[in-house]
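One structure below.
The values are calculated or read from the model by the stated rules, or taken from the named source; none is laboratory data. Fair warning: this is a prediction, and the values are worked out from it, not measured in the lab. Here the Cβ positions follow ideal geometry from the backbone for every residue, glycine too, while neighbour counts run over all protein chains shown. Just so you know, the surface numbers come from the protein's heavy atoms only, side chains and all, with ligands and any DNA or RNA stripped out. Shrake-Rupley method; radii C 1.70, N 1.55, O 1.52, S 1.80 Å.
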Amino acid sequence: MPTTPRMPAHKRGLFLCLIALSSISALAKTPLAAEPKPANLARTISAILSDPAIARAHWGISVVTLDGNPVYALNDQQYFQPASNAKLFTTAAALALLGPDFTLKTYVVAEGPITDGHLSGSLRLIGGGDPTLSGRTYPYSPHTDRANPPLQALDDLAAQVAASGIRSLDGTIVADDTLFAFERYGQGWAQDDLQWDYGAPVSALTVNDNIRYLTLTPGAAAGDAALATWNPSLPDDPATLHNEAITSPAGGQQHLGLDRQPDQTFLRAYGTIPAGTKPANFEIAVQDGAKLAGDGFAQALAAHGVTINPAVQVSHRLSGDTQIFEKEGQQTLALKPFNSGQTLPFTPTQDAKIVAQRTSPPLSQIVTVTNKVSQNLHAEILLRLLGKAEGDDGSVAQGARVVRQFLVSAGLPPEDFFFYDGSGLSPQDVITPRAATTLLTYASRQPWGNAYRASLPVGGVDGTLENRFKQTPLKGNVFAKTGTLAEVHALSGYLAAASGRTLAFSILCNDHAPVTDTTRAAMDSVVAAIAAAN
């Protein structure tokens, strides 16, 4: 285990942006051709990719007009890991099948009679697959993922329960995420991803993106224990953190490490943090999203004057699926897109009463956050929602089956893509560059196409492209999804070229050097070359 925490996948490599910008700036000063010149474009791209620093990487490129006419191709029918470019496929299927206005509901149900403010039974918090129960601002606005308290949505639900007249109960709080099968992680996810925010477990009952914020603050003097605080704080915090970090002399370097093995329920913090330095902040995934929601809801109820049993029960639904994943995912099915205003059905059990509920923002806003900030958990929730709404279950396999059926119906060759999750964190996912541009051109002709394009990061403006393409003529003219994994970079989307016409493009790079990586800068130079030549 390294002595410094691993940086989240979607943030790795941001430090290469200055290199990328210098490459783009040089190309931007080149006079733009009046007409497209494919031969010149091919020579330019060949020169960029022949740089010895990146020449050993595997590159795939597809550039087409919005009516599908080819502009440039390089290995466009070969397989590449897409990383977070997989989200393009998941979110397109969600918008097409569920609709931009689709919403999700979270319920609190009183299970038993209520007499003089006393509930003779339990309160069940039922997850409906809403990923927005957090402090994030909706609609999307840059840098507002922590604008509000992380458990504000639970506080709102608790206030409704209190307003309904319930003041006490003799049952327990039950956190119910049985809408989805209990499959917390995608196929092939790496062990060392699971403690970080980008590897958070999937649940139909998700709060604060199933993460907590850990802050390590130096003590007053060298040798003192570092101070650890969680947000949100929970009663079992002492048992979930083993803090071995200490304060080192002022003026030194920070050397902190965090580690949670798969068979452990606690996080270990170790290493040193210099006296007088700023606190170190980390986003740590919980291991059970429903448990986090239940504990937070219990605290909120108590704060609103409801007397409860502090013990929280969690209700999961284990998968009974024994089919081979690949065979199940390729089974055909008839897709039935939801009508406007249609939601997932919900009926309380007999003798149960809904005492609180929350409706999510529309799906278009959820998709925007998913793509702008490359939110893995939200993409995974969308995959399972698709399986629940259109397939046989809210599972990974059924979600992948629905996405495959949608993509084939959209005209993508079925051999051009294979998905094992919804976010692209799985190294087993593969696509061809041609698959991405085929989807992008298809989406541009659909009623939901504008919402789809608006969900993508904009070069030099927002999301994961905020610090790329910051110079004219590319600033504000690149609308694309980024992707980053170990030795993988990807960028696919729309590009407003020099002529004013819009192109669809996909640039995928696998197997680049893991240490001296300049492929992202080269990728940005390729985008600049495409824009200039068209």
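In degrees between 0 and 90, to the nearest 10, how far off the longest principal axis of the chain does helix 433-444 point, with axes built from Cα atoms?
70 degrees
Work out Dmax and Rg for the stretch 130-218 from the C-alpha atoms and quote the Rg first, both in angstrom.
Answer for the stretch 130-218, Rg first and Dmax second: 16.1, 47 Å.
Using only the alpha carbons of the stretch 216-365, determine the length spanned along each of the three principal axes and report them from longest to shortest in whole angstroms.
Rounded to whole Å, the extents work out to 65, 48, 32 Å.
Specify the inter-centroid distance of the stretch 422-465 and the stretch 84-105, based on alpha-carbon positions, in whole Å.
Rounded to whole Å, the Cα centres lie 11 Å apart.
Given points 7 Å out from each Cα along the Cα-Cβ axis, report the residue 147 to residue 392 separation in nanometres with one decimal.
4.2 nm
Could you order the peptides 230-237, 381-388 from most to least packed, using the average number of other C-beta atoms within 10 Å per residue?
Order by mean packing, descending: 381-388, 230-237.
List the relative contact order of the stretch 392-457 as a percent without decimals, with contacts defined as Cα pairs under 8 Å and 6+ residues apart.
Once divided by the residue count of the stretch 392-457, the mean separation gives 25 percent.
Report the far tail of the P(r) of the stretch 121-274, meaning the percent of Cα-Cα pairs longer than 29 Å.
The share of Cα pairs beyond 29 Å in the stretch 121-274 comes to 33 percent.
Could you state the accessible area per residue of the stretch 374-451 in Å², with a 1.4 Å probe and every protein chain left in place?
Roughly 25 Å² per residue, with all protein chains present.
Determine the share of the stretch 158-260's accessible area contributed by carbon and sulfur atoms, expressed in whole percent, with a 1.4 angstrom probe.
That fraction is 52 percent.
At 222 nm, what value in deg cm²/dmol follows for the chain if DSSP H runs of at least 4 each add -39500 (n - 2.57) and the sum is divided by all its residues, to the nearest 500?
-8500 deg cm²/dmol
Quick check: convex hull of the Cα atoms in the stretch 228-272, volume per residue, rounded to a whole Å³?
Once divided by residue count, the hull of the stretch 228-272 is 81 Å³.
Relative to the first principal axis of the alpha-carbon coordinates of the chain, what is the inclination of helix 289-303, with its axis defined by its Cα atoms, in degrees from 0 to 90 and to the nearest 10?
Value to nearest ten degrees: 50.
Provide, as a two-decimal number, the C-alpha radius of gyration of the stretch 42-162 over 2.2 N^0.38 Å, N being how many residues it has.
1.83
To the nearest 0.05, what FRET efficiency results for residue 281 and residue 471 with a Förster distance of 41 Å applied to their C-beta separation?
0.85
If I model the stretch 338-448 as equal point scatterers sitting on the Cα atoms and use the Debye formula, what is log10 I(q)/I(0) at q = 0.22 Å⁻¹?
Those come out to -1.52, one per q.
Using the Kirkwood radius over Cα pairs, work out the Stokes-Einstein diffusion coefficient for the chain at 37 °C and 0.692 mPa s, in µm²/s as a whole number.
D = 134 µm²/s.
Using the Cα atoms of the stretch 402-446, I'd like the radius of gyration and the largest Cα-Cα distance, Dmax, both in angstrom.
Calculated on Cα positions, Rg and Dmax stand at 10.4, 31 Å.
Of the beta bridges DSSP finds with both residues in the stretch 215-288, what % are antiparallel, to the nearest 5?
If we restrict to bridges inside the stretch 215-288, about 65 percent are antiparallel.
Per residue, what accessible area does the stretch 209-299 have, given a 1.4 Å probe and all protein chains present, in Å²?
43 Å²
Need the list of aspartates and glutamates near residue 481 for cross-linking: C-alpha distance under 20 angstrom, and skip anything on the same chain fewer than eight residues off.
76, 145, 197, 380, 416, 421, 429, 462, 466, 511, 517, 524
Between residue 75 and residue 53, how many nm apart are label points set 7 Å from Cα along the C-beta direction?
According to this spin-label approximation, the distance is 1.9 nm.
Counting alpha carbon pairs within less than 8 Å and at least 6 residues apart, what relative contact order, in whole percent, applies to the stretch 434-499?
25 percent
Tell me, what are the semi-axes, in whole angstrom and largest first, of the equivalent ellipsoid of the stretch 180-219 as set by the roots of 5 times the Cα gyration tensor eigenvalues?
24, 14, 5
What is the diffusion coefficient of the stretch 233-316 in µm²/s, taking the Kirkwood radius over Cα pairs and the Stokes-Einstein relation at 25 °C with a viscosity of 0.890 mPa s?
The diffusion coefficient I find is 160 µm²/s.
How do 129-136, 70-77, 511-518 rank on mean C-beta neighbours within 10 Å, highest first?
Output ranking for 129-136, 70-77, 511-518: 129-136, 70-77, 511-518.
Would you give the gap between the C-alpha center of the stretch 162-234 and the C-alpha center of the stretch 466-485, rounded to a whole Å?
Going from one Cα centre to the other spans 33 Å.
Can you pull the one-decimal nm distance between simple spin-label points at residue 224 and residue 318, each 7 Å off the Cα toward Cβ?
That separation, rounded to one decimal, is 4.9 nm.
What whole-number value in cubic angstrom gives the convex hull volume per residue for the C-alpha atoms of the stretch 301-374?
Cα-based convex hull of the stretch 301-374, divided per residue, equals 263 Å³.
Could you pull the Rg and Dmax for the stretch 486-534, using just the Cα atoms, both in Å?
Cα-based Rg and Dmax for the stretch 486-534 come out at 12.2, 38 Å.
Which three semi-axes in whole Å describe the equivalent ellipsoid of the stretch 362-511, each the square root of 5 times a Cα gyration tensor eigenvalue, listed largest first?
Taking √(5λ) for each Cα gyration eigenvalue gives 25, 16, 16 Å.
Using Cα pairs closer than 8 Å and at least 6 residues apart in sequence, work out the relative contact order for the stretch 364-492, in percent.
Averaging sequence separation for qualifying contacts and normalising by length gives 21 percent for the stretch 364-492.
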